[in-house]
Amino acid sequence: MQRVRTNGIELAYELRGSGSPLVMVHGAQGDQTMFADLARNFADHFSVLTFDQRGSGLSEKPHTAYSIALLADDTAALMDHVGFSAAHVIGVSMGGTIALELVLRHPGKVRSLILGCTTPGGPKAIRIGGSAFAAAYSTHAMSPEERGRALAEAAFTKGYIGQHPEIIPAMIEARRQRPLDPVALEGRMKAVLAHDVYDRLKQIGCPTLVITGKDDALVAWQNSQLLAEGIPGATLVLLEPAGHCFWLEQPQQSLHAMAQFLESVVKQ
């Protein structure tokens, strides 16, 4: 793990593999460890950058205002630090909103875009919310047991949890090892709930894959449909059964769809 101060914030990051640059942008209360398997697979053909965003993981967690634009600028600054003038970008959940803002604010930095389980935001999108969201993304102080269980039950289908009873203890342990800062989380959640790029989607000119789980209880799959319809030439892949963490529930299908897309773009 490496650390750097860039764009006014100290970020923890990891760079692995070799080949075309690939940046992976994690979700709201996640960190770069959520990409462990995907990053390892892609490192055979790509130079993969993963990092903990401002307010997450092992990076600094300032108690200041957050915005998706700020987090996108953090990403661009980190890319500059590691020497990525442009990269393929994978963003999931809140990371997808950051990836969208990145390509809109810094279009020359994004060669292609993979948007997972995310939303354009705005009044035409299905708003993130509901009981599963309220429990899993509460900004009140919660024990690792409470938060890990709530997130697991929100992010995975019941069938997957039934087949993989180890997932809840693993999520609890993750929260114990990398505890959340409730104040920073509240700032991050305010940022994602204010996100709205719907009217700017047509400005995105890079190849785009939109992928999600049909059974996502946190970010409805119809939001991915809106993205695919709004971004010129975008392709939509729906996986089922799969919840919010589709790349963990359907690892082979997810990897195949992403790898096939990236291979086609690299050959262009």
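Structure summary
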item: Relative contact order %, the chain, counting alpha carbon pairs below 8 Å whose residues are six or more apart; result: 19
item: Solvent exposure of region 135-236 as accessible area per residue, Å², 1.4 Å probe; result: 47
item: For region 88-127 and region 1-71, distance of Cα centres in Å; result: 15
item: CD proxy at 222 nm, helix term only [per DSSP H run n ≥ 4: -39500 (n - 2.57); per residue of the chain; nearest 500]; result: -12000 deg cm²/dmol
item: Of Leu193, Ile172, Leu104, farthest towards positive along the dipole that unit charges on Lys, Arg, Asp, Glu beta carbons give region 99-198; result: Leu104
item: Relative contact order of region 3-113, pairs being alpha-carbon contacts under 8 Å that are 6 or more residues apart, as %; result: 31
item: Cross-link reach list, lysines versus Lys124, counting only Cα pairs under 17 Å and skipping chain neighbours closer than eight places; result: Lys202
item: Hits among lysines - C-alpha to C-alpha of Lys267 under 23 Å, sequence gap 8 or more where chains match; result: Lys109
item: Size of electric dipole in the chain: Cβ of Lys, Arg +1 and of Asp, Glu -1, about Cα centre, debye, nearest 20; result: 360
item: Gaussian network model of the chain, springs between alpha carbon atoms under 10 Å - residue of Val82, Val103, Val23 with greatest fluctuation; result: Val82
item: Point-charge dipole on Cβ atoms (K/R +1, D/E -1) for region 125-268, about Cα centre, debye to 20; result: 260
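The values are calculated or read from the model by the stated rules, or taken from the named source; none is laboratory data. Worth saying up front: this structure is predicted, and the values here are computed from it rather than measured. Heads up, the Cβs are rebuilt from the backbone with ideal geometry, glycines too, and the neighbour counts pull from every protein chain shown. Each accessible area value is taken on the protein alone, full model and side chains, heavy atoms only, with ligands, DNA and RNA left out. Shrake-Rupley method; radii C 1.70, N 1.55, O 1.52, S 1.80 Å.
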